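Novice: The following block contains the structure, expressed as C-alpha cells.
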Number of protein chains: 2
Amino acid sequence: MSTTALPADFLQAIAEGFPADFLTREPGELLEYGRDWTRVYTPAPSAVALPRSTDEVSRLMALCHKHRVAVVPSGGRTGYAAGAVAAKGELVLSLKRMTRLGPVDLLGNTVRVQAGAITEAVHHHCAEHGLTWPVDFASKGSSTVGGNIATNAGGVKVIRYGLTRQWVLGLQVVTATGEVLELNGALEKNNTGTDLRQLFIGSEGTLGVVTEATLKLTPLPGKQDVFLFAVPDVAAVLRLFRDARQQPSFLISAYEFFTDRCLARLQRHRKVRSPFEAPSGCYVLLEAEAKDSAALEAWLGSLFERGLVTDGTLAQGVQQAQELWSLREGISESLAATGLPHKNDISLPVAALEAFCGELESVFAARYPGWEICLFGHIGDGNLHVNIMKPDAMEKAEFLAHTRQADPTMFGLVKKHGGSISAEHGIGLLKKDYLGYSRSPAELELMRALKRVMDPQGILNPGKVLDV
Amino acid sequence: MSTTALPADFLQAIAEGFPADFLTREPGELLEYGRDWTRVYTPAPSAVALPRSTDEVSRLMALCHKHRVAVVPSGGRTGYAAGAVAAKGELVLSLKRMTRLGPVDLLGNTVRVQAGAITEAVHHHCAEHGLTWPVDFASKGSSTVGGNIATNAGGVKVIRYGLTRQWVLGLQVVTATGEVLELNGALEKNNTGTDLRQLFIGSEGTLGVVTEATLKLTPLPGKQDVFLFAVPDVAAVLRLFRDARQQPSFLISAYEFFTDRCLARLQRHRKVRSPFEAPSGCYVLLEAEAKDSAALEAWLGSLFERGLVTDGTLAQGVQQAQELWSLREGISESLAATGLPHKNDISLPVAALEAFCGELESVFAARYPGWEICLFGHIGDGNLHVNIMKPDAMEKAEFLAHTRQADPTMFGLVKKHGGSISAEHGIGLLKKDYLGYSRSPAELELMRALKRVMDPQGILNPGKVLDV
C-alpha cells in the first residue's frame, strides 16, 4: 500500500502523543530523507518522523499499523539499491536521533548501541579499549548500525571477519504492529528454537525496524602489511589468491582486485602515477597480518620465480599503505568522474569467477562492440563490481535503454554460474524485477508468506525487495 | 499430530514408488532409530525410512504431507534434548544412507556433502588438503552434518570459530510439502532478500529436512599449545579469561573450565592423578595458537606474580596435550559413572557468569543443603554445563521429583541474568515446557506463525521445540 497524504486522525494522534519536533514536513528534509545514494527515483515522502527512543518507535508503528500508514525505515541512506527511498508518499522513520553508545563490556567483548549510531563512531568508541566492530567500508562515516544490520553489510574485511550477521549478538526490533522484540540478549550461544534475529538481518526494513543492537567486538588487528601486485588476467588473480590462502604465515585481511581500465580512469581523474613501470591486465591489493614474518617474506620472494605475479610493491609505512588503498578505493569515484558507469554488484562462487568473467567479456564484445567494462571488487569473496561505461559518442538515453537490455543478459550469466545478482547492495526497488534470477519461485513464495506473517498490513517498506 | 499406525494407502505408495529396503519396521531398528542420547522417552516409531537421495526424501515428504504422516528427521541421534526421539508412532526419516562427500574446492575452500555424512569423516576428507570444517565436539564420530546444522551445533572451538551457522554456505532442504529448496549455492555474499538458510539452521527438524550442504572450510590451525591452570574460583576464571583475551600474542582456540568437584569425580572414575600438588577451586584449560611465542611465554611467566593463577602446567607434546584435554572431556562420563547427574546446558552473558554462579550456589545451598553441583563448560562462550548430583542417600524417584522443582528455580535465575536455558543442546521435547524462560510471548507467537507457514499440516517433528 502507499499513502500520498497522511490521515488526519493519524496526524492528530502524533500531535497529541509525541514531542512537537517529532515530525517534519519541511521540503528540504523531505528531499533529503526521501532518498539514498541511488539517483533513480524522485523522493516524495509525506513526512519524516524522528523518534528519540524505542518507546517512540513502538508507539509510532502501532499508530501506523492502525491507520495503515506506509513506513520507510531510514538509517544513513548510503544504500545503492533504493531500499531507503520514499517515492510514494511513505512516512520516513529516521533513526538519526537514536545514537547512544553504551559502555564497552570488556569481559564479554560487546557493546550495546542504538540503531542510529554511525559505524565509524562505534569504531572510535571501541578502539579506546583495543577492540573493534569489524564491519568496515567506504561509507562508514555516514552509514548507521541499523542500516548495516538491515542490509547485512559487507565491505572490504569480509574475507577475514565475515558479514555483519556474524557481529550482532542481540537485536532489539520493533515489529510492524509496534511490538518490541528483544532477541538473543548478549548471548553467544542460545539454542532455543528459531533464531528470529536472522530474519531481520538483511531484511531491508521490510520485516521490522531495528532500534538497538548488542554488537560483538574483536581485538583490533595487529600490524597490517599492504601489497599491490600486477598480474596479467583474472585467472592469474585467482591463482595468486589460491596460493595466498594456503599460506600459514599470514592472515588475509583483504584481497581486492581491479583491472587496468579502472586504473587508467583513476589516473586520469586523480592524476596519480601507477606504482608500476609497465601496465598490466589486473592488479591485486593484498592486506595481510603476518603470523611469521620470515615465512611471509620468503613467500613474497617466491612469487616472481613461480610466475604468480609480474610485478609487486610493498607499502613502506602507513602513508604508502593509504596510497595503495586509495588506488582501490578511488575507483568508484573515478569512474563516475570520467564517464557514466552503469553499476552492478554481483557475486559468484569463487571457483566460477574465471569462467564468468570470460563469458561476460565475450558476450558484451559481441553484442556491444567497443563498450568498456570496468571490473573491480572483493574478489576473495567472489564479489565483483561490474561497471559498464557509456561510450562517449552515445546519448545517455540510448545508453540507458541498452543497459536495461544488458542487465538481464548479465543476470542470466550470473544465474548460469550459480551467482547472486546482489552481493552486498541488496534488492530495494532497483533490483526487485530481477530477483527471480537469484531466488527460485518456491523461495519467493516462502519469502512472501513470511512477509505476510511479519507485516500483515503491508506497511513496512512496501514494494521493496518483493511485492507481496 | 501423531500416528500410531501408518495408513494403508501411504504404505502402498511407498511399496510402489521406493526400493524394497526403503522402509524398515524391524523391532531392534525401531528401538535404535526411535531415540537419541536422552533416555527419558520410550522409543515408539511406526517405521524407519532410509532414503538414498534427495529425490527420495522429496517424494517421501510429499506422501507424508498428503497422508498426514508425522516425520522425525534423524541424523546421528547424539542429541541431549530428545529432538530426534520418535515416541508417538512417528515415521523416522534417517539420512544415514546419504553420506556422499564431494570434491574439496581448493579455490573457494568449500565442500558439498550429503546430510548423513559423519562430522569426523568430513574432517578427514578435508584434512588431506590442509583444510577443516571447524565444527568439532566429543560426538564427532557419530554426529552428522545434517544434525549439526539442524541443531546449530556448538562445541569446544566456538570461541575461535563460532557456531555451525557460520560454516554453512549452501543448504539444500526438503520442505514439509516435499519441495526441494536450494539455498545460497556456494556464495559468501548474497544480499537478495530474506536468507532462508537461517530459518532451517537450528530448527531441530521442525521446519524442513536438511539433505545436502555446501560447507565453508578454513585452513587447519597451526601448532596448538595446551595449558591447564589452577585458580581459586569462578571470579578468577573470568579474570584470567579477560586477561588472556586481551593478549595480541596468541589466538584462543578453547577456554574451558571445570570445578574441583568435577576433577574429584574424574579421579575416582579414571584413576588419574591431578597434575597439581594442591587442590584448587577451579581449573582452566586454555588451548592457544601462538602468534608471537616469546610474548606468549612472557605472558605465562607473568601469571603467577600478577596473581592470576595459583598453579599451571603446559603440555609437552601431543600426548600430554591429550591427557590435559581428557581431564576436561572425561568429566561427563565420570559424573555418570560415579553417580546420577541431573544435567542442564545453559548460557549466560559472560559478564553475568560470576553473579549467576554465586546465586546458584547459594540458592541451592539454602534449599537443598549438601547437594553437590558440578560445574564445567565452554566458559569463554558463557556456556555452563550444570550437573546436580543425586545425594547418595536419596532414592532416585525422590531426587527426580526434587530436580523437577529445581529446574524452574535455576531457569528463573538464568532468565534474571539474561541467559539461555539451552546453550547448545536445543529444546526438543526435554525443555519445551521451559521455553518461556528464554523466549518472550511475542517471540513464541511469531515462532508458531512461522511453523504454520513452513509446515501447514504440522507433520515435521511435531511436538518438538514448541506446540503450535
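The values are calculated or read from the model by the stated rules, or taken from the named source; none is laboratory data. Since the structure is predicted, the reported quantities are computational estimates derived from the model, not experimental observations. Cβ: placed from backbone, ideal geometry, glycine included. Neighbour counts: every protein chain shown. For accessibility, only protein heavy atoms count, side chains too; no ligands or nucleic acids. Shrake-Rupley method; radii C 1.70, N 1.55, O 1.52, S 1.80 Å.
Novice: Under the rule of at least 5 residues apart or a separate chain, name every residue whose amide H is placed under 5 Å from the amide H of A:L169.
Specialist: Amide H neighbours of A:L169, under 5 Å, 5+ apart: A:T214, A:L215, A:K216.
Novice: Further question on the same structure: Please list, in chain and number order, the residues 5+ apart from A:E372 or on another chain whose amide H is under 5 Å from its amide H, with Hs placed from the backbone.
Specialist: Result for A:E372 returns A:M389.
Novice: Taking amide hydrogens as modeled 1.01 Å from N in the peptide plane, which residues meet the under 5 Å criterion relative to B:A47, leaving out close sequence neighbours?
Specialist: Residues meeting the amide H criterion: B:V92.
Novice: Still on this structure: Just the accessible area for B:T42, please: 1.4 Å probe, Å², rounded to the nearest 10?
Specialist: Solvent-accessible area, nearest 10 Å²: 110 Å².
Novice: Continuing with this model, one more query. Chains B and A: how much accessible area gets covered up at their contact, both sides added, probe 1.4 Å, in Å² to the nearest hundred? Let's see the in-between values first.
Specialist: Working: alone 20320 and 20340 Å², together 34820 Å².
That pair hides around 5800 Å² of surface in total.
Novice: Next question, about the same structure. Applying the Karplus parametrisation 6.51 cos²θ - 1.76 cosθ + 1.60 with θ = phi - 60° to the phi angles of the range A:189-206, what ³J(HN,Hα) value in whole Hz is obtained for each residue in order, glycine and proline being reported as x?
Specialist: Going residue by residue, I get 10, 7, 9, 10, x, 3, 7, 5, 3, 5, 5, 7, 6, x, 8, 6, x, 8 Hz, with x marking Gly and Pro.
Novice: Sticking with this one: Among all the lysines, which ones have a C-alpha under 28 Å from B:K66's C-alpha, if same-chain residues fewer than 8 places away are not counted?
Specialist: Those lysines meeting the cut-off are A:K451, B:K88, B:K96, B:K432, B:K451, B:K464.
Novice: Taking all protein chains as present, what is the carbon and sulfur share of the accessible area of chain B, in % to the nearest whole number, probe 1.4 Å?
Specialist: Details: 9050 of 17410 Å².
Here carbon and sulfur together make up 52 percent of the probe-accessible area.
Novice: Only helical DSSP H runs with n ≥ 4 go in: add -39500 (n - 2.57) per run for chain A, normalise by residue count and round the 222 nm mean residue ellipticity to 500 deg cm²/dmol. Could the numbers behind the result be given before it?
Specialist: On the way: 15 runs with 161 residues, N = 468.
Mean residue ellipticity at 222 nm (helix-derived): -10500 deg cm²/dmol.
Novice: Helix A:260-270 versus the longest principal axis of chain A: what angle, 0 to 90°, nearest 10, using Cα atoms?
Specialist: For helix A:260-270, the angle is close to 70 degrees.
Novice: What percent does the relative contact order of chain A come to when contacts are Cα pairs within less than 8 Å and at least six residues apart? Can you show the working numbers first?
Specialist: Numbers: 951 pairs, mean separation 73.3, N = 468.
Relative contact order here is 16 percent.
Novice: Hey, for a label at B:K396 modelled as a point 7 Å past Cα toward Cβ, could you say which residues of the range B:304-338 have their backbone N under 19 Å away?
Specialist: Once the point is set 7 Å along Cα→Cβ of B:K396, B:333-338 turn out to lie under 19 Å by backbone N, inside the range B:304-338.
Novice: Related question: Please arrange A:H425, A:H123 by accessible surface area, largest first, computed with a 1.4 Å probe and ligands excluded. Write down the numbers at each step before the final one.
Specialist: Details: A:H425 55, A:H123 25 Å².
Highest to lowest solvent-accessible surface, that is A:H425, A:H123.
Novice: Could you go through the range B:58-72 in sequence order and give the Karplus-derived ³J(HN,Hα) for each residue, using 6.51 cos²θ - 1.76 cosθ + 1.60 with θ = phi - 60°, rounded to whole Hz, and x for Gly and Pro?
Specialist: Taking θ as phi minus 60°, the curve returns 5, 5, 5, 5, 4, 5, 4, 5, 5, 9, 6, 9, 6, 10, 10 Hz for the range B:58-72.
Novice: Using the structure shown, select from B:K343/B:K396; A:K223/A:K343; A:K140/A:K216; B:K216/B:K415 the pairs with a Cα to Cα distance greater than 25 angstrom. Walk me through the intermediate numbers first.
Specialist: Details: B:K343/B:K396 14 Å; A:K223/A:K343 34 Å; A:K140/A:K216 17 Å; B:K216/B:K415 34 Å.
Those over the limit are A:K223/A:K343; B:K216/B:K415.
Novice: Which value, in Å² and to the nearest 10, is the accessible area of B:R68 when all protein chains are kept and the probe is 1.4 Å?
Specialist: Rounded to the nearest 10, the figure is 120 Å².
Novice: Separation between the B:A355 and B:D55 pseudo-spin-labels, each 7 Å from Cα along Cα→Cβ, expressed in nm?
Specialist: 5.9 nm
Novice: Each residue of the range B:274-280 in order: what ³J(HN,Hα) in whole Hz does its phi give by Karplus 6.51 cos²θ - 1.76 cosθ + 1.60, θ = phi - 60°, with x for Gly and Pro?
Specialist: Once rounded to whole Hz, the list reads 5, x, 10, 5, 9, x, 9.
Novice: Would you work out which of A:S362, A:L444, A:G426 lies farthest towards the positive end of the dipole of the range A:350-461, given +1 charges on the beta-carbon of Lys and Arg and -1 on that of Asp and Glu, about the Cα centre?
Specialist: The residue sitting most towards the positive pole is A:L444.
Novice: With every protein chain present, what is the per residue accessible area of chain B (1.4 Å probe, Å²)? Before the final figure, lay out each step's value.
Specialist: Details: 17410 Å² over 468 residues.
On a per-residue basis, 37 Å².
Novice: Work out the mean other chain Cβ neighbour count within 10 Å for the residues of A:432-441 and drop it here as an integer. Provide the component values of the computation, followed by the final result.
Specialist: Working: counts 1, 0, 1, 2, 1, 1, 7, 8, 5, 1.
Mean shielding by partner chains, rounded to a whole number: 3.
Novice: Longest span of chain B, sites excluded, free of GluC sites (Glu not before Pro) in DSSP loop with at most 13 other C-beta atoms within 10 Å? Write out the running numbers ahead of the final one.
Specialist: Values: sites that count: B:E128, B:E277, B:E395.
Here the longest segment lacking exposed loop sites spans B:129-276.
Novice: Now for a separate question. Which residues of the range B:329-360 bury at least 20 Å² of accessible area once all protein chains are present, versus their chain alone (1.4 Å probe)?
Specialist: Those residues are B:S347, B:P349, B:V350, B:A351.
Novice: While we're looking at this one, here's another question. Quick check on the protein assembly as shown: what does the Kirkwood estimate of hydrodynamic radius come out to from the alpha carbon pairs, in Å?
Specialist: Details: mean 1/r = 0.0340 Å⁻¹.
Kirkwood hydrodynamic radius for the protein assembly as shown: 29.4 Å.
Novice: So how much slack lies between A:A264 and A:A294, counting 0.36 nm per residue of separation and subtracting their Cα-Cα distance, in nm? Numbers along the way, then the final one.
Specialist: Values: separation 30, 0.36 × 30 = 10.80 nm, distance 3.47 nm.
Full-extension gain reported as 7.3 nm.
Novice: Further, regarding this structure: Between chains A and B there is a rotation axis; tell me the chain A residue with the nearest beta carbon and how many whole Å away it sits.
Specialist: Minimum Cβ distance to the axis, with residue: A:Q198, 2.
Novice: What is the helix-to-structure angle for B:234-245, meaning the angle in degrees between its Cα long axis and the longest Cα principal axis of chain B, kept from 0 to 90 and rounded to the nearest 10?
Specialist: Roughly 80 degrees, rounded to the nearest 10.
Novice: What average number of partner chain Cβ atoms lie no more than 10 Å from the Cβ of the residues making up A:102-109? Mind dumping the intermediate values first?
Specialist: Working: counts 0, 0, 0, 3, 4, 12, 11, 5.
Average per residue, whole number: 4.
Novice: Follow-up. For the range A:1-140, just say rounded, prolate or oblate: build the C-alpha gyration tensor, square-root its eigenvalues into a ≥ b ≥ c, call rounded for a/c under 1.5, and beyond that prolate if a/b exceeds b/c, oblate if not. Show your work: numbers first, answer last.
Specialist: On the way: a/c = 2.82, a/b = 1.61, b/c = 1.75.
It comes out oblate by the Cα gyration axes.
Novice: Another one. Helix B:441-454 against the longest principal axis of chain B: what's the angle in degrees, Cα atoms only, rounded to the nearest 10?
Specialist: On a 0 to 90 degree scale, this one is about 40.
Novice: Just to verify a number: what accessible area does B:D105 come out at with the full protein assembly present, 1.4 Å probe, Å² rounded to tens?
Specialist: 40 Å²
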